[in-house]
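Report on the following structure.
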Protein chains: 2
Amino acid sequence: MLNFTFKNQTEILFGKGQISEVPARLPANAKVLFLYGGGSIKKNGIYDQVVNALKDAEVFEFSGVEPNPSYETLIKAVDVARTNEVNFILAVGGGSVIDGAKFVAAAHNFDGEPWDILAKGATFENPLPIGAVLTLPATGSESNGNSVVTKKETSQKLAFASETVQPQFALLDPEFTFSLPPRQISNGAVDAFVHVIEQYLTYPVNAPLQDRFAEGILQTLIVEGPKALENPEDYDVRANVMWSATMALNGLIGKGVPQDWATHMIGHELTAIYGLDHAQTLAIVLPSLMKVQAESKKEKIAQLGQRVFGLAGAGGVGSEHIIDDTIQAVVNFFEDMGVETKMSDYDLNGDSTEVAIDKLIANLEKNGMTAIGEHGDIDPAKARKILELSV
Amino acid sequence: MLNFTFKNQTEILFGKGQISEVPARLPANAKVLFLYGGGSIKKNGIYDQVVNALKDAEVFEFSGVEPNPSYETLIKAVDVARTNEVNFILAVGGGSVIDGAKFVAAAHNFDGEPWDILAKGATFENPLPIGAVLTLPATGSESNGNSVVTKKETSQKLAFASETVQPQFALLDPEFTFSLPPRQISNGAVDAFVHVIEQYLTYPVNAPLQDRFAEGILQTLIVEGPKALENPEDYDVRANVMWSATMALNGLIGKGVPQDWATHMIGHELTAIYGLDHAQTLAIVLPSLMKVQAESKKEKIAQLGQRVFGLAGAGGVGSEHIIDDTIQAVVNFFEDMGVETKMSDYDLNGDSTEVAIDKLIANLEKNGMTAIGEHGDIDPAKARKILELSV
């Protein structure tokens, strides 16, 4: 096992009705930036519940945070927060809104161009505190310090991370997910699945408990994900998907083990250039990455196949088949969740896959993603090979 | 899944050499109560490493905290802390020392008789902050707010819990466990195993991720526990046992599911009256409790047998055999770890088991433990039945 430090400061408020716990967790004399997305929360009743929870606070609403939140939108929210001297951000939505809240929080007291926080790793001080009301289980953003923001002007999708912008509390009410469109449930389950894979599917370092935890999340997503599509108002199923997605990326399962994240890095470029959903990009990249990296990942791919997909009989340990069968099982899960796994399944703004791959590789190079993966061995040539297997 | 709130504020510093992280985590102008046990840390070099980490602090040592820490000893430590106006406690040891530190921390600014914190649930304010240097993986005390203290005068072993006394940081260096006597490794693995069981072996509430996490810890302990006895200086094995014991009782796996804890409550009386090691008492009580509660626990006992002990073929779902076989597998694990499972295997101060059972039941009643277990259905008559199966 590798050395690590670990703390997760976010208080989880899990279950139906837990929004009643929110008011007690706001600061005194709360001046709250209420940040949300496209307005679906006004249709499903969540907006009214949040307004009620904020009834003793001074509230400034900012809506319109889009999927893959953009710098161009968020900088307007920074302006609202500064102008009104808010002292708290309540982010109501999925990972995009919560990621956006982290950027607004970090930019709030930052002198200079806030994009530098992402582009240059600029340090910031005294970020605004954040609370999260999660409506879409997927990214884990509700209890980690990670944020990904896209600058439309330059087609850059970049990340920053700081525990100082991690939400102080996260409300996870499974009922808040009942009205989600199927595509968002599909994307969320695939996203959480790949978050686990990025922290699990590397090489063995004799860390069996981390392996078991990762496998437990994967097993739960594989069983509960399809049920969540079939029975949108099954409370327990939604609860299980929600808790799995949070545990997938709250830092725990990746401690003491190598991590990969190359699928994310390559996938980010597909979103930056072509606007694909984040999960769609992961479903395109991961199976091909597993093929290209099969040699260095073989022990963990076999373990995934045997323990998670029950493939022990289909080839056996040491067999060539277990690698192929496991990759196919991953593809099957993505497709069962309704997420297609080839670039040609999606609209690439009319580009051919050949043209697209050239653009994607150029963007990876521009963003310095030239030595990614757990061994740092995925250079642009290898990334190209991965994408060529994904057409 | 049941509703829950969850936060774990303890920063884990895991791995060899991580003691170098401790000085930066002490308060400014640190006046530290350095609390430890019987002095083994002076033989294995941990004492010197701790003294070095505290070299910029004013340090007041208090040694002699015993296994099952006593009120009578700890109240002297409270006096040392008060007299010297310390502002931090560094607990160096296993669960007993860390539990003891929590009592000292709570008592520090408490007006009145500190035993009331345990006996009457008296509230306390401004406890001293605590750091933990773990030398014995077992209780999970290093990252929870639980404390169990024994008053020798009255043979009472009582618990209190508050997140305000949870350690701010916990150093887990597997090398610090290399020199442990086998009995302590045995006890620690059994203790951690039963902590998981108390949060797992109840009744199904459709919380599959919690089940998988619990099973993952149990599987790891079953594989790594015996190896830890065979190869005391295998770093990874010790690391895996250590991380499993912490995860067993840091609050995570018990969230959203019913909990039992009757094995602990009955076992506590065996320690209070006869001074048995905590883990020994659990090994005596649990198998009999599983027999007596087999009907209400049958689904989870079968799941334990199938998933953790691989008993799927030995009777099958719905078979009578799976219950008996699983209980026997638990007994086998305890005995493989060198912990005996019958009262008659231990010295009961010359009492017969009949006399002992009378005394134990009387003590349970005195301490108000008359409706324990996840259904509150273990009354003194049922507790007697459990103990009668444990002779």
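Readers should treat all values here as calculations from the given coordinates under stated rules, not as data from a laboratory. Remember, predicted model here, so these are calculated numbers, not experimental data. Here Cβ is always computed from backbone atoms with ideal geometry, including for glycine, and neighbour counts include all displayed protein chains.
Amide H to amide H distances under 5 Å link B:VAL133 with B:ALA91, B:VAL92, B:GLY93, B:LEU171, where only residues 5 or more positions off or on other chains count and H is placed in the peptide plane.
Charge dipole of chain A (Cα centre as origin; +1 on each Lys and Arg Cβ, -1 on each Asp and Glu Cβ, all else neutral): 420 debye, rounded to the nearest 20. For B:PHE60, the residues 5 or more places off, or on other chains, whose built amide H falls under 5 Å of its own are B:VAL32, B:LEU33, B:PHE34. When peptides A:106-112, A:278-284 are ranked by their average number of other Cβ atoms within 10 Å per residue, the highest-first order is A:278-284, A:106-112. Of the beta bridges in segment A:11-176, as assigned by DSSP with both residues counted there, near 20 percent are antiparallel.
Per-peptide packing, taken as the mean over residues of other Cβ atoms within 10 Å, places B:90-103, B:63-76 in the sequence B:90-103, B:63-76 from highest down. Distances from B:ASP345 to itself in the other copies, using label points 7 Å out along the Cα-Cβ axis, amount to 5.4 nm in increasing order.
Using θ = phi - 60° in the Karplus curve 6.51 cos²θ - 1.76 cosθ + 1.60, the 3J(HN,Hα) couplings for segment A:22-32 round to 5, x, 5, 9, 8, x, 4, 6, 5, 10, 10 Hz; x is entered for Gly and Pro. The long axis of helix B:278-292 is offset from the longest Cα principal axis of chain B by roughly 30 degrees. Here the 3J(HN,Hα) profile of segment B:120-132, calculated from phi with Karplus coefficients 6.51, -1.76 and 1.60 at θ = phi - 60°, is 10, x, 4, 7, 10, 10, 6, x, 5, x, 10, x, 10 Hz, Gly and Pro shown as x. Within segment B:243-322, which GluC sites (Glu not before Pro) sit in a loop by DSSP and count at most 11 neighbouring Cβ atoms inside 10 Å? Sparse-neighbourhood loop GluC sites (Glu not before Pro): B:GLU295. What base-10 log of the normalised intensity I(q)/I(0) is obtained for segment A:11-176 from the Debye formula, alpha carbons as equal point scatterers, at q = 0.10, 0.13 Å⁻¹? The computed values of log10 I(q)/I(0) come out as -0.31, -0.54.
Between copies, A:THR164 shows label-point distances of 2.9 nm, shortest first, with the point placed 7 angstrom from Cα along Cα to C-beta. Distances between copies at A:PRO27, taken between label points 7 Å from Cα along the C-beta direction, are 2.4 nm in increasing order. Other protein chain C-beta atoms within 10 Å of residue C-beta, averaged over A:246-256: 2. Rounded to the nearest whole Hz, the Karplus-based 3J(HN,Hα) values (6.51 cos²θ - 1.76 cosθ + 1.60, θ = phi - 60°) of segment A:80-94 follow the sequence 4, 5, 5, 4, 9, 6, 5, 10, 7, 10, 9, 9, 10, x, x, with x at glycine and proline. Database remark: amide H of B:GLU11 closer than 5 angstrom to the amide H of B:PHE169, B:ALA170 (H placed geometrically; neighbours at sequence offset of 5 or more, or on other chains; Pro and chain starts carry no H).
Just tell me how shielded A:10-19 is by partners: mean number of partner chain Cβ atoms within 10 Å of each residue's Cβ, no decimals. Spell out each step's value before the answer.
Values: counts 3, 5, 8, 5, 8, 6, 1, 1, 3, 0.
The mean count of partner-chain Cβ atoms within 10 Å per residue comes to 4.
Divide the volume of the convex hull around the Cα atoms of chain A by the residue count and you get 130 Å³ per residue. Sorting A:1-14, A:374-387 by their mean Cβ neighbour count within 10 Å, with the most densely packed peptide first, gives A:1-14, A:374-387. Legend: mean number of C-beta atoms from other chains within 10 angstrom of residue C-beta atoms, peptide B:202-214, equals 5.
Temperature 4 °C, viscosity 1.567 mPa s: under these conditions the Stokes-Einstein estimate for segment A:300-379, based on its Kirkwood radius over C-alpha pairs, is 85 µm² per second.
Evaluating kT/(6 pi eta Rh) at 4 °C and 1.567 mPa s, with the Kirkwood radius of the protein assembly as shown over Cα pairs in the Stokes-Einstein relation, gives 47 µm² s⁻¹.
All distinct Cα pairs of segment B:182-388 go into the 1/r average, and the inverse of that average, the Kirkwood radius, is 17.3 Å.
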